[in-house]
Amino acid sequence: MVILELYQGDYQKDLVVFDSLEEGRAFVAQIPGYTLETEDGFEVEYVNPKHLPDYMEIVFNGNIIPLSRFSFEPEENVDIIWKEISNLSVKNDKVVEGATKVDAYVVNNDEVKAYIEAREINFRKAKAFLESKGYEVDRSYFGSEDGEAILYRKKGVKDWHFLCHLDPLFVEIEDVEGFVENIEESEEASK
């Protein structure tokens, strides 16, 4: 299923839902000023509100959907966003389509479990390695724009040092100890 969202500046409206993108596009094609174009390999859809009448109704499968030019700023296009959503009323034996936010990053639903497990394994490796060298380790910045990060400091020292964010690149590191050692050595050399 897909949700049709109309988006313009601060205005966001989930308008209706369709069983398929094709069915949704058949609906939006009836809106005056609707445009579908390709930019840099991506499909972009929008409605130019200058083409909308004061009031109109689109009848789709017997449903009447009112539209008005008075709902939108006239000088800015209204973006059409398609949001895929799973219908849990339909039996299915797999992870639902879509993505899940993990800290500051979005991960495909079918990869979330492996991503989180790899992220935590790499964190524990980095923490154990740093602690074996006499450092204290802290996780900070959860919810920040760049996401959670690893900080470390020598025991008894006041200043913390930034190691790295727990981001998708961190998840892919195979030699965590080598990675941490390189950063630690670079930090020591810069003193």
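The values are calculated or read from the model by the stated rules, or taken from the named source; none is laboratory data. Keep in mind that what you see is a predicted model, and the values were worked out from it rather than measured. All Cβ positions, even for glycine, are placed from backbone atoms using ideal geometry, and neighbour counts span all protein chains on display.
Data for the structure
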| item | result |
| --- | --- |
| Output for the range 56-92, where each listed residue is under 21 Å from Gly33 (Cβ atoms), among the β-branched types (Val, Ile, Thr) and either assigned to a loop (DSSP other than H, G, I, E, B) or free of Cβ contacts under 8 Å to residues at least 12 places away in the same chain (or both) | Val59, Ile64 |
| Tally of residues being small (Gly, Ala, Ser), surrounded by 13 or more Cβ atoms within 10 Å (Cβ to Cβ) and over 26 Å from Glu188 (Cα atoms) across the range 109-149 | 1 |
| Residues satisfying the stated conditions in the range 10-35, i.e. at pLDDT 95 or above and surrounded by fewer than 12 Cβ atoms within 10 Å (Cβ to Cβ) | Glu22, Ala29 |
| Failed item, numbered, when Phe170 is tested on (1) out of contact with any Phe, Trp or Tyr (no Cβ under 7 Å at 6 or more places or on another chain); (2) touching a residue at least 12 places away in the same chain (Cβ under 8 Å); (3) farther than 24 Å from Ile116 by Cα | (3) |
| Any hit, the range 159-175, residues being among the aromatic types (Phe, Trp, Tyr), on the phi < 0 side of the Ramachandran plot and not in a helix (DSSP H, G or I) | yes |
| Unmet criterion (only one of (1) of a type in the set (A, V, I, L, M, F, W, C); (2) part of a loop (DSSP other than H, G, I, E, B); (3) over 29 Å from the mean Cα position of the chain (by Cα)) for Val95 | (3) |
| Among residues of the range 127-156, those that are hydrophobic (A, V, I, L, M, F, W, C) and assigned to a strand (DSSP E or B), counted | 4 |
| Unmet criterion (only one of (1) of a type outside the set (Val, Ile, Thr); (2) over 26 Å from Glu185 (Cα atoms); (3) surrounded by 15 or more Cβ atoms within 10 Å (Cβ to Cβ)) for Glu76 | (3) |
| Subset tally (residues that are assigned to a strand (DSSP E or B) and surrounded by 14 or more Cβ atoms within 10 Å (Cβ to Cβ)) for the range 36-54 | 3 |
| Tally of residues being within 18 Å of Ser186 (Cα to Cα) and surrounded by fewer than 15 Cβ atoms within 10 Å (Cβ to Cβ) across the range 150-159 | 2 |
